[in-house]
Amino acid sequence: MLDTPTRVAADAPPLSDTQPLDRPVSPRGKRPDLLTVADAKAMSVAEMTELFKDHINPGQLHFMKLLGFHKIKIETASGMYYTDQNGRKILDFFGGFGSLALGHNHPRIIEARKQFQDEDRHEIAIAFMSQYASALAKNLAAIAPGDLDMVFLGSSGSEAMEAAIKVAERAAGPKRPKIVYAANSFHGKTKGVLSLTDSELYRGEFQLTGNTVKVPFGDIDAIRNAFEADPEIGVIVLETIQGGGGIIEAPVEFWQQLRALCDKHDVLWIADEVQCGMGRSGHFFAFEKAGVVPDVTALAKSLGGGKTAMAAMIASRKVYMKAYGTPKTAMIHAQATFGGIGEACVTAIEGLNVMYDEDLIGNAERVGSYLIERLKELQAKYPQIIKDVRGSGFMVGLEFQDFSQTLPALLRPMVALLDDKLKGSLSGFVGAELLRDHDVLVAFTEYNRNVIRLEPPLVCGREHVDQFIAALDAVLGRGIVRIVRDFIGSQTKK
Ligand SMILES: Cc1ncc(COP(=O)(O)O)c(C=O)c1O
């Protein structure tokens, strides 16, 4: 039997009390006003803006306008560049917050996906076992150090982190339900991990779980004190490099001491590598720099090869078996509908092979060091503007001086009028001008508005770094007053 629509159409006459509620209200077979794929591709910027406003997120348009994103329609993307509707090539130093390790449309990824489609392969892996999910899990276990061998596949970083928290919580047991997390952490926005994401904005006014303990990031004494004070703590979760916090790292000794402390107190350590993993730091996992292994970790973003949504939680066999190791417990958190679907797995398998075949991790380390070196030269040239340059590999933070209090008095009210969030934050102005005048895209930072995050694809070469540095030099060379004036001018022109 065909399903009949039962929802009330906007233009339908009101239902009387006597009409049965399941009465179909649109004639069977009447086609709603649907856009086609061709319509989507041909859409103008103005139409896109209207639809974004009407159906996606009207409030977000405000920020897009501030940063100049609202004038751009990306038509194609390849390697390090987007190309917009006017044929303008935009250098991508944003990299989808770490989602584009392989760059845009890597030819081997495209080829693997095309072949998979041409061969009529299957996608949904929820009934039969999947050779693709099995191969991807095996590859991740082969890459992950120690006994990080058990893999749960999902489609977002939040989903992988939810899985990480759940496996650890079950393995820690009901007498150790408390979870330590760090100040300025970001682990996702879904309801579970929201309680471990330290953002007033994202937390909104949602009910959080009460079993959490917050510590400063990288503070081993605070963690020791917490573990000693509260025997109910069973899990600690930390990004190995804080992304949303503004590219914050802890020294290798911190991770070594953390491992020892967790072993001593029998606490499970979850390393969130959703943003810093997949080679970005110059190691496949950023924790490898310290020569220690967590009990659980999570990957997402670049695991999808820049082409699909793919995420993985990887747990030590011991932890996994404790949580879900028997037929009775196996289905508590088994794959969701889209966990391990075919083409996404094939994309990830090919992507991992490309990473090693093209030595992208080595490239991140070498060219990332060059990027930091060139940025430090700019810091020496503009010490009154650049406060700090930091990071590892292609996970780099560029922190500007905080001008919120010291902007010239003339400019302060004008800037405040534009937006409360950007007030005095040079990163917004510099980012907008890099895009407008120099065709370069960079990323902003949720919790520290003075930091620009640089996470280019790992295929980035020295020539791309040089292009980026020349653009940044040209913007900073204008001086603070002109940067801010130009920005204000660009906003009032529209
Ligand atoms: C460290 C970290 N964990 C988790 C997430 C959540 O990933 P997703 O946006 O795919 O849900 C992110 C996303 O930015 C992240 O940076």
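The values are calculated or read from the model by the stated rules, or taken from the named source; none is laboratory data. Everything quoted here is computed from the prediction, not taken from an experiment. Cβ: placed from backbone, ideal geometry, glycine included. Neighbour counts: every protein chain shown. Areas reflect the complete protein model, heavy atoms only, side chains present, ligands, DNA and RNA absent. Shrake-Rupley method; radii C 1.70, N 1.55, O 1.52, S 1.80 Å.
Report the FRET efficiency, 1/(1 + (r/R0)^6), for Arg31 and Gln85, where r is their Cβ-Cβ distance and R0 is 25 Å, rounded to 0.05.
Details: r = 29 Å, r/R0 = 1.17.
For R0 = 25 Å, the calculated efficiency reads 0.30.
May I ask you to derive the relative contact order of the chain, considering only C-alpha pairs under 8 Å and at least 6 residues apart, and to give it as an integer percent? Provide the component values of the computation, followed by the final result.
Numbers: 895 pairs, mean separation 95.3, N = 494.
Value for the chain: 19 percent.
Accessible area per residue of the range 291-416 at 1.4 Å probe, in Å²? Before the final figure, lay out each step's value.
Numbers: 5230 Å² over 126 residues.
So the range 291-416 comes to 42 Å² accessible per residue, rounded to a whole number.
Using a 1.4 angstrom probe and counting only protein chains, how large is the accessible area of Ser99 in Å², to 10?
Here the residue's solvent-accessible area equals roughly 30 Å².
Counting only residues 5 or more places away or on other chains, whose amide H sits under 5 Å from the amide H of Gly391 once H atoms are built in the peptide plane?
Gly397
Testing the spin-label approximation: label points 7 Å from Cα along Cα→Cβ at Ala380 and Ala470. State their distance in nm.
Rounded to a tenth, the inter-label distance reads 2.2 nm.
What are the membrane-span-like helices in the chain by this rule: whole DSSP H runs, Cα extent along the axis at least 24 Å, mean Kyte-Doolittle hydropathy at least -1.0?
Values: long enough: 360-381 (31 Å, -0.24).
Helices passing the filter in the chain: 360-381.
What list of ³J(HN,Hα) couplings, whole Hz, do you get for the range 234-240 from phi and the Karplus terms 6.51, -1.76, 1.60, once you set θ to phi - 60° and write x for glycine and proline?
Listing the rounded values in order: x, 9, 10, 10, 9, 5, 6 Hz.
Which of rounded, prolate, oblate describes the range 164-264, given a ≥ b ≥ c as roots of the alpha-carbon gyration tensor eigenvalues and a/c under 1.5 marking rounded, otherwise prolate only if a/b is larger than b/c? Can you show the working numbers first?
Working: a/c = 1.84, a/b = 1.11, b/c = 1.66.
Because a/c hits 1.5 or more and a/b fails to exceed b/c, the range 164-264 counts as oblate.
Quick one: with all protein chains in place, what share of the accessible area of the chain is carbon or sulfur, to the nearest percent (1.4 Å probe)?
55 percent
Given a 1.4 Å probe and heavy atoms of the protein chains only, how would you sort Glu343, Glu350, Glu205, largest accessible area at the top? Before the final figure, lay out each step's value.
Values: Glu343 25, Glu350 45, Glu205 180 Å².
I get Glu205, Glu350, Glu343, largest accessible area first.
Leaving ligands, DNA and RNA out of it, work out the accessible area of Val252 with a 1.4 Å probe and give it in Å² to the nearest 10.
40 Å²
So for the range 354-494, averaging the separation of alpha carbon pairs under 8 Å that are six or more residues apart and normalising by length, what relative contact order in percent results? Mind dumping the intermediate values first?
Numbers: 181 pairs, mean separation 36.5, N = 141.
About 26 percent, as a whole number.
Looking at the chain, identify the longest residue range that excludes and avoids all chymotrypsin sites (Phe, Trp or Tyr not before Pro) in DSSP loops having at most 11 other Cβ atoms within 10 Å. Don't skip to the answer; put the middle values down first.
Numbers: sites that count: Phe128, Phe206.
The answer is 207-494.
So if each residue of separation counts as 0.36 nm, and I subtract the Cα-Cα distance between His55 and Gln335, what length gain in nm does that give? It would help to have the intermediate numbers written out before the result.
Working: separation 280, 0.36 × 280 = 100.80 nm, distance 3.06 nm.
My answer for the length gained is 97.7 nm.
Calculate the translational D of the chain in whole µm² s⁻¹ from Stokes-Einstein, where the hydrodynamic radius comes from the Kirkwood formula applied to all Cα pairs, the temperature is 4 °C and the viscosity 1.567 mPa s. Present the calculation step by step, with values, prior to reporting the outcome.
Values: Rh = 24.7 Å.
Translational diffusion coefficient: 53 µm²/s.
Percent relative contact order of the range 287-425, based on C-alpha pairs within less than 8 angstrom and at least six residues apart? Please report the intermediate quantities before stating the final value.
Working: 120 pairs, mean separation 18.5, N = 139.
RCO, the range 287-425: 13 percent.
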